[in-house]
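Report on one structure; see the data block that follows.
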Amino acid sequence: MPEAGPIPTGTQPQGARNEQEASQQVREMFTRIAPRYDLLNHLLSAQMDRYWRARTAREVKSILERPDATVLDLCCGTGDLAFSLARHAKARIVGADFSHTMLVRARAKSASVNGSEPLPFVEADALRLPVRDKSFDLVTTAFGFRNLANYESGLREILRVLKAGGTLAILEFAEPRPGLLGDAYRFYTRQLLPKIGGLISGDQEAYAYLPKSVKRFFLPDELSALMTSVGYRPVRYRLMTLGSVALHLAVRP
């Protein structure tokens, strides 16, 4: 496994001195890159991001098929995971994000989906959700948890809004094992990806942040341990695409 470093407490964009500044910088970054966000997600992942989201939807299919279930897609961005969840769902799904510009695009995409009601998307901070305790049967988040200013606070807030027996699904990047393929992945994400992303988006800083944030994020076992310490039982994870992506699944007892 990759060598463990200091256990992170939250994202740390360059120059951020505290959690408030970290959160503000992340919000401003996503505001800047929103116009090319979907294009770059698909391009830089070679379309694998679609597979990762579809795999997540399959893992929680039993909840999505329940007409009485309520689902929150947290840090939803432009809504791609919410749309994957809704594709064959009977559950009620709502997306939430603190970036207004991302939500504008999510709502526009939802309105253009034929044959279904537009999904609701609300502007909300993942660390201070404006909902009652025990509101959701399922909370999901794809590639957004890593950007929270405080990971433990985020897990506790999700635990608060989950019903007893409810499920949390966190889809996030991970550091693959050392070796030829893992080293090739790291060369791509740390050397090529920032250049491609910066060239297309016009924001080199934002796409340099991505590999740095992945490098300092939890190893899968570390995130599992934190989820367990917060109170989730059981916690398990699945690795995908050479170990570069991890899907953590956990239950509120």
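Of all the residues in segment 72-128, those that are part of a strand (DSSP E or B) and among the aliphatic types (A, V, I, L, M) number 6. Annotation: of all residues in segment 125-136 being under 18 Å from the mean Cα position of the chain (by Cα) and not hydrophobic (A, V, I, L, M, F, W, C), the one that is nearest to Ile158 (Cα to Cα) is Arg128.
Per-residue answers, yes or no, for (1) crowded, with 19+ Cβ neighbours inside 10 Å; (2) touching a His at 6+ places or on another chain (Cβ under 9 Å); (3) of a type outside the set (D, E, K, R):
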{"residue": "Thr141", "(1), (2), (3)": "yes, no, yes"}
{"residue": "Ala149", "(1), (2), (3)": "yes, no, yes"}
{"residue": "Phe173", "(1), (2), (3)": "yes, no, yes"}
{"residue": "Arg190", "(1), (2), (3)": "no, no, no"}
{"residue": "Lys195", "(1), (2), (3)": "no, no, no"}
{"residue": "Tyr209", "(1), (2), (3)": "yes, no, yes"}
{"residue": "Phe217", "(1), (2), (3)": "yes, no, yes"}
{"residue": "Ser224", "(1), (2), (3)": "yes, yes, yes"}
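When we screen Asp97, Asp80 for residues that are buried (at least 19 other Cβ atoms within 10 Å of the Cβ), under 28 Å from Ala149 (Cα atoms), touching a Phe, Trp or Tyr at 6+ places or on another chain (Cβ under 9 Å) and not hydrophobic (A, V, I, L, M, F, W, C), the only hit is Asp97.
Identification of helices (runs of 4 or more DSSP H) wholly contained in segment 16-69 with 1 or more residues that are in contact with a Phe, Trp or Tyr (Cβ under 7 Å, 6 or more places away or on another chain) yields 19-33.
Of the residues making up segment 195-217, those that are closer than 12 Å to Phe173 by Cβ and in contact with a Lys or Arg (Cβ under 6 Å, 6 or more places away or on another chain) number 3.
Among the residues of segment 236-253, the one identified as closer than 14 Å to Gly166 by Cβ and β-branched (Val, Ile, Thr) is Val251.
Only the coordinates and a few stated rules stand behind these numbers; no lab work does. As the structure is a prediction and not an experimental result, all values here were calculated from the model. Positions of Cβ are backbone-derived with ideal geometry, glycine not excepted, and every protein chain shown enters the neighbour counts.
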